[in-house]
Amino acid sequence: MMDVQALISDLANAEGLPKETLNACVDNRDETVPAFLALLTQAANGETIDEEEVSALFFIIHLLAEMEVTEAYEPLMRFLGREEEVIEKVLGDATTETSHKVIISVFDGNVDALYEVMNNPDAYEFVRNSAFRAWTYFVATGAIDRTEAERYLTKCFDDLLPQREDYVWTSWLDAVAMLGFEKLRLLAIKAFEAGLASPINMNMEDFDQVLGEALAQNDRVAFLRKQRLEPFTDTIGTLSKWYAFSDEFIRNKRQH
């Protein structure tokens, strides 16, 4: 029997990327997945989990995505609906770098859970962005109906909150452009004129460039990949490229 608690402890206390432990977690998925789901559910429920489990949860969420565990989708979306500081403590840079890919990998078909986060003005802005990006992927790949998607994005112009400058409008503009909804370009112009999106994040030129690429593309997968829209598939391969797991970072950390 694999000692799952020992694996969780190894994940939490590793210096650098715990490759052997990560591989062991995947190799023993029949034992690790139930324990990982239980921990994620506790975090989603706002139950107290110890510091070690909080540290391990970063890896656990990525491993559940790599293993395409759709049972993780519901607790993950509830966890992502929690307070900004809770999400940042667990995910850190993954909030913006990989969380949309994680959502794509564990998606169980429940689109309402995505809309809940996308439409929630109290949700963490970068989590709303991740939900928008995952939703965009599902529209682009046919899992969500394009007509329904166009109708939703049109309604957003009047209904999406807050109706002032906020990162969610960059998310909305991104979705319109990446999905090639040329008919909504006039609404995009109005959004820019109303100052809903910060020009630091996106301007009309950026929007038109992505829209043009979306309309001209003939390889959907390649286009989506260029926009960093794809499932999360490789924990070690992805995280080994992060500075936080590099030898240089570990050396600097030891010196301080």
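The values are calculated or read from the model by the stated rules, or taken from the named source; none is laboratory data. In this text the structure is predicted, and so the values were computed from the model without any measurement. Every residue, glycine as well, gets a Cβ built from its backbone with ideal geometry; the counts of neighbours run over all protein chains shown. Surface areas here come from the heavy atoms of the whole protein model, side chains and all, with no ligands, DNA or RNA. Shrake-Rupley method; radii C 1.70, N 1.55, O 1.52, S 1.80 Å.
Residues in the range 141-167 that are farther than 18 Å from Leu211 by Cα, of a type in the set (A, V, I, L, M) and surrounded by 15 or more Cβ atoms within 10 Å (Cβ to Cβ): Ile144, Leu160.
With respect to the conditions (1) surrounded by 15 or more Cβ atoms within 10 Å (Cβ to Cβ); (2) under 21 Å from the mean Cα position of the chain (by Cα), Phe192 lacks only one, and its number is (2). I'd like the full set of residues that are among the basic types (Lys, Arg) and over 30 Å from Asn23 (Cβ atoms), limited to the range 209-225. Residue satisfying the conditions is Arg220 alone. In the set (1) free of Cβ contacts under 8 Å to residues at least 60 places away in the same chain; (2) of a type in the set (Val, Ile, Thr); (3) in a helix (DSSP H, G or I), the condition left unmet by Ile144 is number (3). For the residues Leu196, Leu173, the requirement of being under 16 Å from Asn119 (Cα atoms), of a type outside the set (Val, Ile, Thr), in contact with a helix residue (DSSP H, G or I) (Cβ under 8 Å, 6 or more places away or on another chain) and not in a helix (DSSP H, G or I) singles out Leu196. Is it true that some residue in the range 209-218 is out of contact with any Cys (no Cβ under 6 Å at 6 or more places or on another chain), among the hydrophobic types (A, V, I, L, M, F, W, C) and more than 27 Å from Thr95 (Cβ to Cβ)? Taking every residue of the range 209-218 in turn, at least one turns out to be out of contact with any Cys (no Cβ under 6 Å at 6 or more places or on another chain), among the hydrophobic types (A, V, I, L, M, F, W, C) and more than 27 Å from Thr95 (Cβ to Cβ).
Kindly provide the set of residues from the range 85-107 that are among the acidic types (Asp, Glu) and either open to solvent by less than 40 Å² (accessible area, probe 1.4 Å) or under 12 Å from the mean Cα position of the chain (by Cα) (or both), ordered by number. Give the derivation first.
Taking the range 85-107 as the starting set, the residues that turn out to be among the acidic types (Asp, Glu) are 85, 88, 93, 97.
Of everything in the range 85-107, those that are among the acidic types (Asp, Glu) and either open to solvent by less than 40 Å² (accessible area, probe 1.4 Å) or under 12 Å from the mean Cα position of the chain (by Cα) (or both) turn out to be Asp93, Glu97.
Looking across the range 9-30, the residues that are more than 24 Å from the chain's Cα centre (by Cα), surrounded by 14 or more Cβ atoms within 10 Å (Cβ to Cβ) and part of a helix (DSSP H, G or I) come down to Ser9, Asp10, Ala24. Residue check: Glu53 meets all listed conditions (1) under 20 Å from Asn28 (Cα atoms); (2) without any contact (Cβ under 8 Å) to a residue 40 or more places away in the chain but one, namely (2).
Among the residues of the range 178-188, is there at least one that is in contact with a helix residue (DSSP H, G or I) (Cβ under 9 Å, 6 or more places away or on another chain), small (Gly, Ala, Ser), in a loop (DSSP other than H, G, I, E, B) and surrounded by 15 or more Cβ atoms within 10 Å (Cβ to Cβ)?
Within the range 178-188, the first condition is being in contact with a helix residue (DSSP H, G or I) (Cβ under 9 Å, 6 or more places away or on another chain), and the residues that meet it are 178-185, 187-188.
From what's left, small (Gly, Ala, Ser): 180, 188.
Applying the additional criterion that residues be in a loop (DSSP other than H, G, I, E, B) yields 180.
Narrowing the set further to residues that are surrounded by 15 or more Cβ atoms within 10 Å (Cβ to Cβ) leaves 180.
Yes, the conditions are met somewhere in the range 178-188.
Pull up the range 31-71, narrow it to residues that are assigned to a loop (DSSP other than H, G, I, E, B) and open to solvent by 60 Å² or more (accessible area, probe 1.4 Å), then point me to the one that is nearest to Asp108 (Cα to Cα).
Restricting attention to the range 31-71, the residues satisfying the condition of being assigned to a loop (DSSP other than H, G, I, E, B) are 46-50, 67-69.
Restricting the remaining residues to those that are open to solvent by 60 Å² or more (accessible area, probe 1.4 Å) gives 47-48, 50, 68.
Working: Glu47: 24, Thr48: 27, Asp50: 29, Glu68: 10 Å.
Result: Glu68.
Checking the conditions here, which among Leu229, Leu215, Leu211, Leu224 is open to solvent by 70 Å² or more (accessible area, probe 1.4 Å) and closer than 23 Å to Thr170 by Cβ? The conditions single out Leu215.
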